[in-house]
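One structure is given below, encoded as structure tokens.
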Amino acid sequence: MDLNTLIGRFQIERKKFDRSGIYAYTQRALAYNSNKIEGSTLSEEQTDSLFDTGMLPVSDDYYRAKDVEETNGYAIGDYKKRPNMVGMYETALPKEVPEKMRELLEWYHGSEKTLEVMAEFHARYESLHPFQDGNGRTGRLILFRECLKSGLVPIIIEDQYRPEYLEGLKEYRESGKTGQLLSLFQKRAKNLFGKN
């Protein structure tokens, strides 16, 4: 399947609210893997159940309320009001966010959309961490959407690539380089269409 066929199927299945096709599969894969990267304890089966029924399967397991809330989605409102950190790294101060986001978006909209630009845009966005919470999930969703919109193979960072992904973001925060992140994006793009 080529990229145009994939986009066409996404559009058709989304319009029909098809919960069994590639569009629904992609939603689940994005939610499951993005949440796992953030430390969610929900399994793929539990994530699927939340998408299908809005409920978790009957089980003796305990569920973290935060995991359920984040899988179902929660409103992300205004830019952050309090400083936040990514691990030990400082992010943009709340008063800096509007201007830094404006600069980032101006740069992005003026750039040719390549995988290199997507890697830099994603790394810069994650370094700003403009919202109080949900920045990683939002950033990965934006990455997926912008790749599709730009005719690039969409990137889903699976949980098994979490260490490489975090190392790529760390490389950017420490040196301003995106080589590791770009390498991961290229590997994931090739994998999507079975071109290992």
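Overview of values
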quantity: Residues located in the stretch 137-171, provided they are surrounded by 14 or more Cβ atoms within 10 Å (Cβ to Cβ), within 20 Å of T5 (Cα to Cα) and not β-branched (V, I, T); calculated: L143, F144, E146, C147, L148, S150, L152, P154
quantity: Residue match in the stretch 172-191 (condition: closer than 20 Å to Q27 by Cβ and surrounded by fewer than 16 Cβ atoms within 10 Å (Cβ to Cβ)); calculated: yes
quantity: Positions within the stretch 82-96 being surrounded by 19 or more Cβ atoms within 10 Å (Cβ to Cβ) and either more than 21 Å from K170 (Cβ to Cβ) or within 19 Å of the chain's Cα centre (by Cα) (or both), in sequence order; calculated: T91
quantity: The stretch 103-136 - residue that is among the hydrophobic types (A, V, I, L, M, F, W, C) and exposed (fewer than 15 other Cβ atoms within 10 Å of the Cβ) and, of those, nearest to G179 (Cα to Cα); calculated: W107
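For (1) surrounded by 12 or more Cβ atoms within 10 Å (Cβ to Cβ); (2) closer than 20 Å to G136 by Cα; (3) in contact (Cβ under 8 Å) with a residue 24 or more places away in the chain, each residue gets a yes or a no:
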residue: I7; (1), (2), (3): yes, no, yes
residue: K15; (1), (2), (3): no, no, no
residue: G21; (1), (2), (3): yes, no, no
residue: N35; (1), (2), (3): yes, yes, yes
residue: S49; (1), (2), (3): yes, no, no
residue: D52; (1), (2), (3): yes, no, yes
residue: L56; (1), (2), (3): yes, no, no
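Every number in this text was worked out from the coordinates using simple rules, so none of it is lab data. Keep in mind the model is a prediction, meaning the values are calculated, not measured. For neighbour counting, all protein chains shown are included, and Cβ atoms are generated from backbone atoms with ideal geometry for every residue, glycine included.
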